[in-house]
Amino acid sequence: MPDKKEIINLLEDIADMMEFNGENAFKVNAYRNGANSIRKAGDQIEQLIKTKKLEEVKGIGKGLQSVIYEFVNTGKSLLHEELKKSVPEGISDLLKIRGLGPKKIKILYSELGISNIGELEYACKENRLGLLKGFGESTQNKIIEEIKKLKVYNKYILLDKAGKISDDILKRLSGLKPVVRITISGELRRGMEIISELRFVLAVSDKKLFLKELKKVFSFEEKGSEVLISNGFQIPVIFSIVEEENNFCKEMFLTTGSKDFLYNLKFDPSKISGKNEKEIFPGINYPYVIPEMREKEYFEVKNKELLKNSDLSVDHFKGLLHFHTNYSDAQNTLTEMLEAAQKTGFEFAAVCDHSKSAIYANGLSEERVLLQKEEIKKLSPKFKLRIFQGIESDILQDGNLDYSNDFLKNFDFVVASVHSRFNLEEEEMTKRIIKAVENPFTNLLGHPTGRLLLSRDAYKVNMKKVIDACSSNNVAVEINANPHRLDLDWRLIYYAREKGCLFSINPDAHSTEEISYIKYGVLIGRKGGLNFEEVINCFSLHDFTKYLEEKGKGKYSERRS
């Protein structure tokens with residue numbers, strides 16, 4: 001069954017193509033609103049689809065229901081297929097360019113005959129867009145930059161998508177009789193934030209028989225000991241095949257990489273042997289390194305104490321911090337989010353809805369903050385976990401938070417985040433964030449660089465100076481576990497650890513199902529060698545409460561032992 005995101009993408013794609021074709025605005029908006037309704041429906045949407053009760057979702061009329069049910073049952077939509085035939089080939093690619101919507105693309109097509117990215121790029125270089133109404137020189141330059149980014153982005157997929165594809169591939173391979181053993185390798189095994197290829201190592205009892213069976217599942221071509229899958233995946237899918245199981249671990253070690261890591265080991269290939277990797281490493285005279293840490297940055301760390309293998313795991317987490325409810329822009333109620341947190345096994349939770357400046361996200365006014373505080377008081381006796389009221393407070397352009405310090409006293413936990421004015425120069429952005437970090441009520445710096453992977457670059461900021469400020473002001477640094485963010489970048493974790501920073505790994509969940517994003521944040525933390533004692537979510541309730549109480553009294557990390 002297609003997941004919720006695929007259904008949303010389908011409806012939005014239909015709306016875009018309808019708008020390009022100049023169809024009735026009411027009809028176009030019906031599909032856009034339908035996509036938003038699905039987005040807001042939360043975890044219940046799959047069950048409503050299974051039980052044919054989509055009519056219970058406001059904004060999903062009979063027409064949209066039939067499209068969704070058809071897509072769920074057959075994997076495609078006749079309406080979508082017809083619309084794709086009705087628009088020039090390449091228009092769907094143009095819709096991926098940030099800053100271009102269906103209306104502007106229609107103008108480009110009608111006035112300049114542009115129907116694909118190549119034609120658009122050429123027209124920009126020829127300065128032809130400047131002749132069109134609504135397309136100035138700055139717009140043209142932005143489009144050129146976005147095309148450059150898109151070319152790079154199209155070579156990668158996000159970590160969560162890679163995981164879903166890999167799970168499906170493993171499921172299909174597990175049914176093939178000649179397969180003795182399978183494992184994920186390469187970038188996904190190392191927990192890279194974006195993935196350029198998927199690698200698997202397979203031990204098979206009979207290669208010829210395996211390839212015969214594989215034809216029933218995948219289209220492929222052979223290249224030596226490797227098999228390249230050609231089923232239309234966005235990135236290469238590669239199987240490394242061994243017939244002798246004692247070569248399995250050697251192949252897993254070599255294909256896990258990274259190439260830079262293996263190069264820096266300076267090992268003798270003839271000495272690679274062992275039943276597992278913990279035997280391989282001593283054989284090449286090097287201590288065992290967990291897969292996530294096998295990057296060139298490992299060898300650049302001067303403080304060798306930071307190179308001990310990360311022991312961080314989801315099992316260490318006691319606190320769910322930085323999640324949202326339908327008080328602001330999330331799908332689920334406070335009660336539903338807390339129930340999910342308690343069911344998952346958390347001992348404490350800090351709700352952090354958007355603040356009043358986040359109008360786009362239904363941010364909380366002072367009055368609504370106090371209403372939420374009252375609800376928390378009423379709910380607290382009903383839960384075993386301890387409930388903290390937090391806030392994700394916007395960092396304004398001048399570095400102030402968007403509530404007065406007097407009002408910030410109402411919160412137990414304050415996340416300070418940038419949500420606007422991303423285009424400041426580095427010096428101004430750095431000063432802005434440091435000022436917010438120095439606010440005596442700030443506990444955590446949220447998604448520190450503002451990046452959206454494969455979508456939006458990090459803003460210009462001197463992160464080392466910001467990290468220094470976090471260390472000096474006892475402000476934890478967030479590793480935002482949403483797979484679109486995974487921010488702080490793992491490459492900066494070693495520096496932050498060297499400066500004695502504490503970390504908080506948070507799902508930034510906007511629904512109960514997104515709480516599981518924590519697993520991606522853990523992978524990123526492990527890449528930087530993080531141990532669970534350095535993560536405030538892994539504190540006991542007593543230590544977390546003590547950490548909050550001691551904010552502003554010095555570096556808690558130096559005294560917690």
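What about L79, is it part of a helix (DSSP H, G or I), assigned by TED's automatic domain parsing to the domain that holds E145 and surrounded by 15 or more Cβ atoms within 10 Å (Cβ to Cβ)? Judged against the criteria, L79 is a match. Considering only the stretch 1-53, how many residues are small (G, A, S), under 22 Å from G99 (Cβ atoms) and surrounded by 18 or more Cβ atoms within 10 Å (Cβ to Cβ)? So the answer is 2.
S516 meets each of the listed conditions (1) farther than 28 Å from K149 by Cβ; (2) in contact (Cβ under 8 Å) with a residue 24 or more places away in the chain; (3) out of contact with any Ser or Thr (no Cβ under 6 Å at 6 or more places or on another chain) apart from (2). Taking each residue of the stretch 297-323 that is closer than 30 Å to A341 by Cβ and looking for partners that are of a type in the set (D, E, K, R) with beta-carbon atoms closer than 6 Å, six or more apart or interchain, yields S310/R526; L312/R526; V314/K519; K318/E347; H322/D508. Residue count for the stretch 59-75 under the criterion of being surrounded by 12 or more Cβ atoms within 10 Å (Cβ to Cβ), touching an Asp or Glu at 6+ places or on another chain (Cβ under 9 Å) and farther than 17 Å from K4 by Cβ: the result is 1.
How many residues are surrounded by fewer than 19 Cβ atoms within 10 Å (Cβ to Cβ) and either β-branched (V, I, T) or under 30 Å from the mean Cα position of the chain (by Cα) (or both) when one looks only at the stretch 244-254?
To start, the set of residues in the stretch 244-254 that are surrounded by fewer than 19 Cβ atoms within 10 Å (Cβ to Cβ) comprises 244-247, 250, 254.
Imposing the further condition that a residue be either β-branched (V, I, T) or under 30 Å from the mean Cα position of the chain (by Cα) (or both) reduces the set to 254.
The qualifying residues number 1.
In the list E427, E392, which residue meets the criterion of being in the same structural domain as H510 (by TED's automatic domain parsing), surrounded by fewer than 17 Cβ atoms within 10 Å (Cβ to Cβ) and not polar (S, T, N, Q)? Spell out the reasoning first.
Details: E392 fails: surrounded by fewer than 17 Cβ atoms within 10 Å (Cβ to Cβ).
After applying the criteria, what remains is E427.
Within the stretch 184-207, the residues that satisfy the criterion of being β-branched (V, I, T) and in contact with a Leu (Cβ under 8 Å, 6 or more places away or on another chain) are I184, I194, I195. Listed by first and then second residue, the pairs linking a residue in the stretch 11-28 that is under 19 Å from Y69 (Cβ atoms) to a residue that is surrounded by 14 or more Cβ atoms within 10 Å (Cβ to Cβ) and among the charged types (D, E, K, R), with Cβ atoms under 6 Å apart and 6 or more places separating them unless they lie on different chains, are A15/R32. Note on the stretch 442-456: residues that are surrounded by fewer than 21 Cβ atoms within 10 Å (Cβ to Cβ) and outside any loop (DSSP other than H, G, I, E, B) total 2. When the stretch 361-376 is filtered for residues that are more than 16 Å from L408 (Cβ to Cβ) and either surrounded by 11 or more Cβ atoms within 10 Å (Cβ to Cβ) or in contact (Cβ under 8 Å) with a residue 60 or more places away in the chain (or both), the ones remaining, listed by number, are A361, N362, L371, E375, I376. Answer yes if at least one residue in the stretch 419-433 is in contact with an Asp or Glu (Cβ under 8 Å, 6 or more places away or on another chain) and part of a strand (DSSP E or B), and no otherwise. No, that holds for no residue. Summed over the stretch 85-103, residues that are under 29 Å from the mean Cα position of the chain (by Cα) and outside any loop (DSSP other than H, G, I, E, B) total 5.
The values are calculated or read from the model by the stated rules, or taken from the named source; none is laboratory data. Bear in mind the structure is a predicted one, so any value in this text is a computation, not a measurement. Cβ coordinates were reconstructed from backbone atoms using ideal geometry, including for glycine residues, and neighbour counts include every protein chain displayed.
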